[in-house]
Each structure stands twice: as structure tokens, then as C-alpha cells.
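Worksheet: the structure to be examined is printed underneath.
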Amino acid sequence: MGASIVNCSFASNNEFLTLKDVMRRSKMLFVCAAGNHGTQLKEYPAGFADLDNVISVCALNQEGDLTSFSNYGHDYIAAPGKAIYSLAPENNYMYMDGTSMSTPFVAGAAALLKIINPSLDSKQLKDALNNGSKTSETGLFHGKLDILGAYENSPLNPDEGTLVAGIKEYGGKIINHDNSIYRLAGCDESGFMNNIAVYKPD
């Protein structure tokens, strides 16, 4: 079947139009790091956010604000990218910063939506993540990743998932789908995404 979602934690100043054409013709969803120069200038492939199958991701700090290093754009989604506990060489772990840290949060959210409803295409995934995001107060980017909002804005059939519990403190829900349990968390009171998702097989 091949991959349906690609995490692109890399960026270049060069606008490779051949790459853009390949991405345009692909059925995959490309989730791309915005870049780490603290500017609105485009880096690529995140700069191809005008394509229906490209999501560009900027970085938030622990307070839910745009980091000083993150590139940004009016159609970008923001996710945590400051002090992310990450794998390091020689079997070590370390805290890392960057939009490359933010991008997997969004790619993972897209993958969760795809698991719940495999019929979703790349445009539907992008639209759900965009429409479900928490609106940016600054207007520097489109919104903050909100997996619960994305779920509620995705074209699910009525029998695709049922609410089995509510999580009031974070506006989250637990959804039973195909005998598997999904915890979908929203944003906390400060507007910051406290928890993306936990998948627990039946």
C-alpha cells in the first residue's frame, strides 16, 4: 500500500519546483518543518503550504507561545517544539528545540485520524487539522494543534466512533472505535495543547 503520511523534519532556502511538482502529484500528506530562523520568510518544503497535501508546522514553547526561533506563516499549524525529550546518539536522550521537533506531533495526529478513518485522503486530513486547531491569538500562524478539534472536524461516519467518556479538565474525549480505545485531548485553559493522544489497543 505504501506510506500515506510523511514527516519532513528538514528545511532548505532553495525552492525546488521539481519537488513541489512531485508533491503536488502525490496522494501522500506531507507534514513539514517551518524552519528555525524566527522569520516569516519561507523555507522548503514547508513553503509549499499552498498545496492541498502539505501542512507546515511552527514551534511552541511550554507556555503555548510561538518560540523566538520558529519560522511562521498565516497558514501554518503550531505544535510543541521547545525542550522536547528526544533520542540522541549512542543510546542517549536529550532535550531538543526546533520545528523538526514540532512536526512529528502533527504527523502523529494525522496518523491517528487516519487510523480511526482510513478512508480520509490527504486534503481531508489537512482540512481537519486546520479547522480543528485552536486559533492563534497573534495571527502569526493559523492555529495550535488540537487533536480533539481535528477529530470533531473530520468527515467521520456516525458509526466510525462513539464517545465512551469525557475528560473535563482538558476538554478531551475517549472514543471507542473498532474495539480500540483512543484518548483525544484538546487544549487546556491557557489554550495550550496539554496532551495529544494515547492509543490503547483493545
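Observations on the model:
- In the stretch 133-150, the residue that is surrounded by the most Cβ atoms within 10 Å (Cβ to Cβ) out of those that are of a type outside the set (A, V, I, L, M, F, W, C) and under 17 Å from Thr103 (Cα atoms) is Asp146.
- When the stretch 57-76 is filtered for residues that are closer than 15 Å to Asp146 by Cα and of a type in the set (Gly, Ala, Ser), the ones remaining, listed by number, are Ala59, Gly64.
- None of Lys123, Lys82 is within 24 Å of Phe10 (Cβ to Cβ) and assigned to a helix (DSSP H, G or I) except Lys123.
- Residue selection: Leu129 fails the criterion of being part of a loop (DSSP other than H, G, I, E, B), in contact with a helix residue (DSSP H, G or I) (Cβ under 7 Å, 6 or more places away or on another chain), modelled with pLDDT of 90 or more and of a type in the set (A, V, I, L, M).
- Given (1) among the small types (Gly, Ala, Ser); (2) at pLDDT 95 or above; (3) more than 27 Å from Ser4 (Cα to Cα), index of the condition Gly64 fails: (2)
- Residues that are in a loop (DSSP other than H, G, I, E, B), under 20 Å from Gln124 (Cα atoms) and open to solvent by 100 Å² or more (accessible area, probe 1.4 Å), drawn from the stretch 1-26: Met1
- Within the stretch 74-106, the set of residues being surrounded by fewer than 21 Cβ atoms within 10 Å (Cβ to Cβ) and under 17 Å from Phe48 (Cβ atoms) comprises His74, Asp75.
- Qualifying residue in the stretch 116-132 (condition: among the basic types (Lys, Arg), in contact with a Gly (Cβ under 7 Å, 6 or more places away or on another chain) and touching a residue at least 24 places away in the same chain (Cβ under 8 Å)): no
- When restricted to residues that are modelled with pLDDT of 90 or more and assigned to a loop (DSSP other than H, G, I, E, B), the stretch 137-168 contains 6.
- In the stretch 40-50, the condition of being in contact with a helix residue (DSSP H, G or I) (Cβ under 7 Å, 6 or more places away or on another chain), modelled with pLDDT of 95 or more, surrounded by 14 or more Cβ atoms within 10 Å (Cβ to Cβ) and within 18 Å of Leu145 (Cβ to Cβ) is met by no residue.
The values are calculated or read from the model by the stated rules, or taken from the named source; none is laboratory data. Computed from a predicted structure; not experimentally measured. Glycine gets a Cβ as well: all are built from the backbone with ideal geometry, and neighbour counts include every protein chain shown. Please note that ligands, DNA and RNA were not included when accessible areas were found on the heavy atoms of the full protein model with its side chains. Shrake-Rupley method; radii C 1.70, N 1.55, O 1.52, S 1.80 Å.
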